[in-house]
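Each value in this text was obtained by applying a stated rule to the coordinates, not by laboratory testing. Since the structure is predicted, the reported quantities are computational estimates derived from the model, not experimental observations. Because the Cβ atoms are built from the backbone with ideal geometry, glycine has one as well, and the counts that use them run over all protein chains shown.
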Amino acid sequence: MTSVYLNGFLPEINSNIKDKAVAVGIRGKVGEWNVDLSNNTGINEFTYRISNSLNASLLNSTPFEADAGGYSYQENTSNLDVSRFYEDVMSGLSIAFGAEYRVENYDIIPGKEVSYARYDTQGNVYDPTDPTSIIAEANFSSSSQPNRQRPGGIQVFPGFAPNNVVDAYRNSVAGYLDVEADFTDTFRMTGALRYENFSDFGGTLNFKSSFLWKLNETFNLRGSVQSGFRAPSLHQIYYNSTSTLFVDGVPQEVGIFSNTSRVARVLNIAELKEETSLGYTAGFTAKIPDANLSFTVDGYLINIDDRVVLTGQFGPNGDPELQRLFSQANATQAAFFVNSVDTQTRGIDFVADHSADIGTDLRLKSTLSFTLSKTSIENINIPGPVRDADLAETYFDRTSELYIEAAVPRTKGSLTNSLFIGEKWNVFLRNTYFGEVEEATNNVEEGIDRIYSGKVVTDLSASYRFSKALRITVGSNNLLDVYPDMADPAFQSEGRFLYSRRSTQFGIDGRYLFARLNIVLD
């Protein structure tokens with residue numbers, strides 16, 4: 001409660017999103033070779049306006065809303081692809097090769113001063129070097145907390161300050177070769193190599209090899225092995241901001257600092273490096289024509305090294321330099337993106353398709369699919385200086401561990417039915433099961449429920465086709481208005497968040513009704 005909002009307040013984070021994209025290209029043949037030359041440019045800008053809020057350091061002089069800035073990302077990609085099929089080599093041979101050039105640009109856009117600044121009691125921007133510049137205190141005694149200085153910035157999402165501004169570029173050049181050979185009418189193998197050189201992470205060579213073995217007309221075996229490389233995104237490298245998080249009911253201003261920052265160096269946080277992976281798949285496909293039934297089963301194993309994860313929250317721990325840097329960012333805690341773990345993901349995918357004619361004008365198509373998967377942490381990579389400072393549990397905390405291993409469903413399945421009535425009508429029904437998930441939290445107290453049970457979400461729609469060019473559809477997503485389990489009171493932040501913010505099962509928006517008109521222009 002404040003003197004501005006006597007009954008409390010609920011800030012709103014409003015966004016303004018702009019997307020622009022253009023693609024041009026040309027296709028043709030040079031002799032027997034197919035040639036495709038293209039260029040794609042896209043830009044996304046995402047800015048924030050915080051409303052129903054306040055800058056607490058301004059007391060009663062505060063505005064109630066402010067433009068908080070945002071970020072934009074632009075990418076331009078040029079591709080050249082060349083391919084040819086040799087019909088008279090073995091039972092068929094395809095060769096493809098090409099090149100790619102990509103330029104990326106990531107910007108952080110500053111907000112208005114009132115969105116990020118911390119003001120003293122005279123209404124001036126706080127100057128820590130001026131002994132007469134004093135910040136008003138806030139009383140948190142209701143939460144068993146001593147008085148402390150009021151935070152700056154528009155509450156819940158302080159704006160991006162000038163020292164947050166980023167204008168980062170990088171480019172990459174890549175080339176690939178892909179060969180697909182039918183050794184016989186029943187056995188095919190493919191192999192591919194891709195070399196890519198990043199301006200900030202250097203070069204990498206990756207491969208993929210796969211096979212398809214047609215045992216008979218109804219049964220096929222398939223498998224693959226591939227390596228992978230992912231350079232951390234510019235967002236993960238350079239993103240930095242401060243936002244309000246509630247810890248035990250008390251607001252904390254948590255800053256996410258870039259790995260290139262001075263704060264990262266003082267805390268011995270290493271700069272980001274690339275993720276690498278090695279994956280395997282194996283499975284089969286089968287058809288039973290007499291039953292109008294087909295199904296596929298695939299198992300997979302994926303190992304990822306140096307996975308990028310967000311750390312826990314570091315404090316200044318009495319370090320005067322850190323205290324000064326935190327104050328400059330209006331932050332009381334700090335977090336970073338780091339290459340903290342090696343993980344392994346194992347799973348199996350199953351898909352079955354069936355179609356049946358029911359009478360003269362009725363046809364039913366059904367698809368049953370499910371995924372069983374498990375991600376486990378194989379190794380935790382803690383830098384020596386961080387471990388020596390007894391900060392290992394902050395560098396990779398239990399919240400991050402659970403978020404990787406248990407905060408998303410390990411089991412997910414769906415049954416989809418499409419009923420076609422004559423040539424005009426179609427009724428679509430889908431039931432999706434989302435398996436249980438666990439709250440990603442450091443709280444391990446007995447008696448607190450951290451498990452959210454599995455749920456079934458139903459989607460239903462009906463469409464009518466007036467002509468080949470015109471179709472109308474009405475329906476509902478989450479027809480039965482199903483919600484996830486409510487979070488335990490220990491995770492609701494005194495009623496601010498009724499549903500988990502740290503697990504990803506399915507949405508909390510409930511039933512959604514829609515009508516859609518499709519027009520096809522030839």
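Between the stretch 468-522 and the stretch 34-67, what's the alpha-carbon centroid distance in Å? Value for the Cα centre distance between the two parts: 24 Å. The HN-Hα couplings worked out from phi for the stretch 427-439 by the Karplus form 6.51 cos²θ - 1.76 cosθ + 1.60 (θ = phi - 60°) are 10, 10, 9, 9, 10, 10, 9, 10, x, 5, 9, 10, 4 Hz, whole numbers, x standing for Gly and Pro.
Taking the Cα centre of the chain as origin and charging only Cβ (+1 Lys, Arg; -1 Asp, Glu), how large is the dipole, in debye to the nearest 20?
Details: 44 positive and 64 negative charges, 232 e Å.
Around 1120 debye, computed over the chain.
Sequentially through the stretch 121-129, phi angles give Karplus couplings (6.51, -1.76, 1.60; θ = phi - 60°) of 5, 8, x, 9, 4, 4, 10, x, 8 Hz, Gly and Pro residues having no value and appearing as x. Think of the chain as having a plus end and a minus end, set by charges on the Cβ of Lys, Arg, Asp and Glu; of Thr343, Gln333, Tyr73, Tyr73 sits farthest toward the positive end of this dipole. Karplus-derived 3J(HN,Hα) values for the stretch 58-68, using 6.51 cos²θ - 1.76 cosθ + 1.60 with θ = phi - 60°, are 8, 6, 6, 8, 6, x, 9, 8, 6, 6, 9 Hz; glycine and proline are entered as x. Projected over every direction and averaged, the convex hull enclosing the alpha-carbon atoms of the stretch 409-522 yields 9.5 nm². Spacing of the modelled spin labels on Arg265 and Asp319, each 7 Å from Cα toward Cβ, amounts to 1.2 nm. Specify the inter-centroid distance of the stretch 183-245 and the stretch 359-435, based on alpha-carbon positions, in whole Å. Cα centres, the stretch 183-245 to the stretch 359-435: 20 Å. Taken along the Cα-to-beta-carbon direction at a fixed 7 Å, the label points for Ile134 and Glu436 span 5.6 nm.
Starting from the Cα-Cα distance between Lys424 and Ala356, subtract it from 0.36 nm times their residue separation and give me the gain in nm to one decimal.
Numbers: separation 68, 0.36 × 68 = 24.48 nm, distance 1.78 nm.
This chain segment gains 22.7 nm when fully extended.
Note the listed values (1) -0.30, -0.83, -1.00, -1.17; (2) -0.41, -1.12, -1.31, -1.47; (3) -0.38, -0.88, -1.00, -1.12, then indicate which one is log10 I(q)/I(0) by the Debye sum over Cα atoms at q = 0.06, 0.10, 0.11, 0.12 Å⁻¹ calculated from this particular structure. Matching the structure shown: (2).
For every helix of n ≥ 4 consecutive DSSP H residues, a contribution of -39,500 (n - 2.57) applies; sum these over the chain, divide by its total residues, and give [θ] at 222 nm rounded to the nearest 500 deg cm²/dmol. Please list the in-between numbers first.
Values: 7 runs with 40 residues, N = 522.
Value at 222 nm, helices only, nearest 500: -1500 deg cm²/dmol.
Sites listed here are chymotrypsin sites (Phe, Trp or Tyr not before Pro) in the stretch 281-380 whose DSSP assignment is loop and whose Cβ has at most 15 other Cβ atoms within 10 Å, and the list is empty. Remark: spin-label model distance Asp200-Ile288 equals 5.4 nm, labels positioned 7 Å along the Cα→Cβ axis.
Candidates Thr276, Ser294, Ser233 compared by Cα position along the dipole of the stretch 229-335: farthest toward the positive end lies Ser233, with charges placed on Cβ.
Quick one: compute the contact order of the chain, relative version, from alpha carbon pairs under 8 angstrom and 6+ residues apart, as a percent. Each step should come with its number before you reach the end.
On the way: 1317 pairs, mean separation 39.9, N = 522.
Result for the chain is 8 percent.
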